[in-house]
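Taking it in order: structure first as structure tokens, then the write-up.
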Amino acid sequence: MKIDILAIGAHPDDIELSCAGTLAKEIAHGKQVAILDLTQGELATRGTVEIRAKEAKNAANILGATARYNLNFDDGFFENNKAHQLQLAAYIRLLKPDMVLCNAIEDRHPDHGRAAALVLESCFLSGLQQVKTTHEGQSQDAWRPKQVYHYIQWNDAQPDFVVDISAHIDTKLEAVNAYASQFFNPKISEPETPISSQNFLDSVTYRTANLGRLIGVAHAEGFTAARLLAVDRINDLI
Ligand SMILES: [Zn+2]
């Protein structure tokens, strides 16, 4: 199996909120995209693990992802440690992504920054042949993604680059709305949370619209990079 882009999120719905338009665009251009959730989001106030798993599956289908995996780490408590780095490295080696998208380096939810550090370190370790991992009893070859970028979720981080997703905003919103248990839904009588307000749901589009405004398109998603960004030719930038 060979995936072009692996999108990793601490919780099911991180991907949809933050980079689903970019993924939908790449899938429309024929790229193979897989999603890997680190936890089942079991600490969420609303919904259940089972409901969330169904919603995540539907969202992946809406986006056209090749596969969606869940590592079942502890929501809220998983650590950036050797055991988790090796599990993540085994998936990176299995899927061989050229690019990894992951959580913001700093965000409101402490899992997000921890997940970002865990993914960055796992991508590095995955490239070391002396780091041993196995899949279904077979030892795996080293693989290091060429690029790791962080999507923007809760905090208004200053992006290092933005992607025009104007043609894919409807697909992104459809994928976000697949999480009916989590976001604004006047028909649900569960407790209010920071992400269940009308304002939060609206923020998904007012952020993409604002990033779009800054580059002269309708909607865009922003990313940061821990490493200096390089282009081959200067006019690779649009
Ligand atoms: Zn999250």
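The values are calculated or read from the model by the stated rules, or taken from the named source; none is laboratory data. Just so it is clear, the model here is predicted, and its values are computed rather than measured. Glycine also receives a Cβ, built like all others from the backbone with ideal geometry; neighbour counts cover every protein chain displayed. Just the protein is used for accessible areas: all its heavy atoms, side chains included, with ligands, DNA and RNA removed. Shrake-Rupley method; radii C 1.70, N 1.55, O 1.52, S 1.80 Å.
At-a-glance table
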{"item": "The one condition in (1) open to solvent by 50 Å² or more (accessible area, probe 1.4 Å); (2) modelled with pLDDT under 95; (3) basic (K, R) that R46 fails to fulfil", "result": "(1)"}
{"item": "Of all residues making up the range 91-117, the number that are in contact with a strand residue (DSSP E or B) (Cβ under 8 Å, 6 or more places away or on another chain) and open to solvent by 20 Å² or more (accessible area, probe 1.4 Å)", "result": "5"}
{"item": "Residue list for the range 215-238, filter: open to solvent by less than 80 Å² (accessible area, probe 1.4 Å) and free of Cβ contacts under 8 Å to residues at least 12 places away in the same chain", "result": "G216, V231"}
{"item": "A20 vs. criteria modelled with pLDDT of 95 or more, small (G, A, S), open to solvent by less than 10 Å² (accessible area, probe 1.4 Å) and within 11 Å of P97 (Cα to Cα)", "result": "no"}
{"item": "Sole exception among (1) open to solvent by less than 20 Å² (accessible area, probe 1.4 Å); (2) under 21 Å from A180 (Cβ atoms); (3) away from the ligand (no atom under 13 Å from the Cβ); (4) of a type in the set (G, A, S) for A56, by number", "result": "(3)"}
{"item": "Check on F77, open to solvent by 30 Å² or more (accessible area, probe 1.4 Å) and hydrophobic (A, V, I, L, M, F, W, C)", "result": "yes"}
{"item": "Every pair of residues 6+ apart whose Cβ atoms lie under 7 Å, when the first sits in the range 51-68 and is over 15 Å from C19 (Cα atoms) while the second is part of a loop (DSSP other than H, G, I, E, B) and among the β-branched types (V, I, T)", "result": "T66/I3"}
{"item": "Residues of the range 148-165 satisfying the condition of being surrounded by 16 or more Cβ atoms within 10 Å (Cβ to Cβ) and of a type in the set (S, T, N, Q)", "result": "Q153"}
{"item": "Residue in the range 174-221 that is farthest from T22 (Cα to Cα), counting only those that are outside any loop (DSSP other than H, G, I, E, B) and basic (K, R)", "result": "R213"}
{"item": "Residue within the range 135-150 that is of a type in the set (K, R), touching a residue at least 24 places away in the same chain (Cβ under 8 Å) and on the phi > 0 side of the Ramachandran plot present", "result": "no"}
{"item": "Residue check for T45: β-branched (V, I, T) and part of a loop (DSSP other than H, G, I, E, B)", "result": "yes"}
{"item": "Identity of the residue in the range 118-147, under 25 Å from T224 (Cα atoms) and either at pLDDT below 95 or of a type in the set (S, T, N, Q) (or both), that ends up surrounded by the fewest Cβ atoms within 10 Å (Cβ to Cβ)", "result": "Q147"}
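Residue by residue, here is whether (1) of a type in the set (F, W, Y); (2) within 16 Å of the ligand (Cβ to nearest atom); (3) open to solvent by less than 30 Å² (accessible area, probe 1.4 Å) holds:
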position	(1), (2), (3)
D4	no, no, no
A7	no, yes, yes
A34	no, no, yes
L38	no, yes, yes
